[in-house]
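Below: one structure, written as structure tokens.
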Amino acid sequence: MEGIKFDSRQVLMLKGMENDEQVLSAVADAMCEMGLVKETYKQAILDREKEFPTGLNTGGCNIAIPHADVTHVNEASICVGILEEPVMFHAMDEPEDLIPVKMVIMLALKEAHSHLDMLQKVVELIQDQAMVKQIVETEEKEMVCELLKKKLL
Amino acid sequence: MKRVLVACGNGIATSTVVATKIREACENHGIPVMVSQCKLLEVESKADDFDLLVTTGKFTGGSVSVPVVGAINLLTGINEDVTLEEILSHLK
């Protein structure tokens with residue numbers, strides 16, 4: 001993946017999350033602490049999700065792919081949140097519908113229309129429902145990282 | 001040559017993936033095509049210059065004079081071929 005930062009620090013095992021805003025905030029905060037995104041990124045993510053939700057109904061393990069404008073990003077990177085309990089997100093194609101999400105792949109893209117290679121790998125992962133199921137059922141963070149690296153790097 | 005406008009929330013992530021899938025499918029079928037991307041909020045001002053509008057999010061920006069195809073299947077993989085076929089049918 002050209003120039004996309006992803007390592008074990010960018011995998012969060014999230015417990016006790018009650019709603020999508022809490023999840024989005026936790027992941028965005030982590031990215032900000034790692035210096036990957038600006039302070040403004042979190043609010044941009046929250047605002048964007050309200051208007052254009054990113055929940056994807058895969059018919060199996062649903063996934064959300066929150067992302068915001070490139071202006072809020074320092075370093076092209078992704079951060080993955082594994083949700084111990086499913087959290088309801090609004091669906092991208094039907095914003096009125098709520099769907100239970102088990103994994104969040106937050107995308108911090110630096111330029112518009114680029115990072116195609118990474119985006120295609122993210123979509124491939126989303127479509128590989130057997131792998132997604134394995135990942136969300138893995139308790140051990142290091143193992144989750146290995147599985148994700150296999151698909152995303 | 002037909003012109004396709006692909007729109008998503010920010011116009012940077014999912015539209016990039018969908019635009020590429022459309023270009024590749026057209027190439028494989030020998031269909032000349034011009035594919036552009038934009039944000040869902042820009043659709044109403046741009047759509048009339050195109051023959052087809054493809055969106056991953058829900059387009060609620062009023063009426064456009066071109067056919068609209070929802071392309072969420074190209075992301076989730078559910079019935080992806082059916083949706084791609086539907087898109088190509090507008091471009092032949």
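The values are calculated or read from the model by the stated rules, or taken from the named source; none is laboratory data. Keep in mind that this is a model prediction, so the values were computed, not measured. For neighbour counting, all protein chains shown are included, and Cβ atoms are generated from backbone atoms with ideal geometry for every residue, glycine included. Accessible surface is based on the protein model in full, side chains and every heavy atom, while ligands, DNA and RNA are left aside. Shrake-Rupley method; radii C 1.70, N 1.55, O 1.52, S 1.80 Å.
Taking the Cα centre of the stretch A:14-153 as the origin, how large is its charge dipole in debye, to the nearest 20, when only Lys and Arg (+1) and Asp and Glu (-1) carry charge on their Cβ atoms?
420 debye
Considering only protein heavy atoms, what is the solvent-accessible area of A:D117 at a probe of 1.4 Å, reported in Å² to the nearest 10?
That residue has around 50 Å² of solvent-accessible surface.
B:G70: net charge of surrounding residues, Cβ under 10 Å, Lys/Arg +1, Asp/Glu -1, itself excluded?
Spelling it out: positives minus negatives among the neighbours equals -2.
Is there a quick way to get the dipole size of the protein assembly as shown? I mean about its Cα centre, with the Cβ of Lys and Arg at +1 and of Asp and Glu at -1; what is the value in debye to the nearest 20?
So the dipole magnitude of the protein assembly as shown works out to roughly 480 debye.
Past 28 Å, Cα to Cα: identify those pairs from A:K38/A:K141; A:K38/A:K133; A:K42/B:K39, in the order given.
Too far apart for the 28 Å limit: A:K38/A:K133.
Which entries in the list A:K50/A:K110; A:K110/A:K151; A:K15/A:K150; A:K121/A:K150 go over 18 Å, if you measure between the two C-alpha atoms of each?
A:K50/A:K110; A:K110/A:K151; A:K15/A:K150
Any aspartates and glutamates with Cα under 14 Å of the B:K2 Cα? List them, leaving off those in the same chain fewer than 8 positions away.
B:K2 reaches B:E27, B:D48, B:D49, B:D51.
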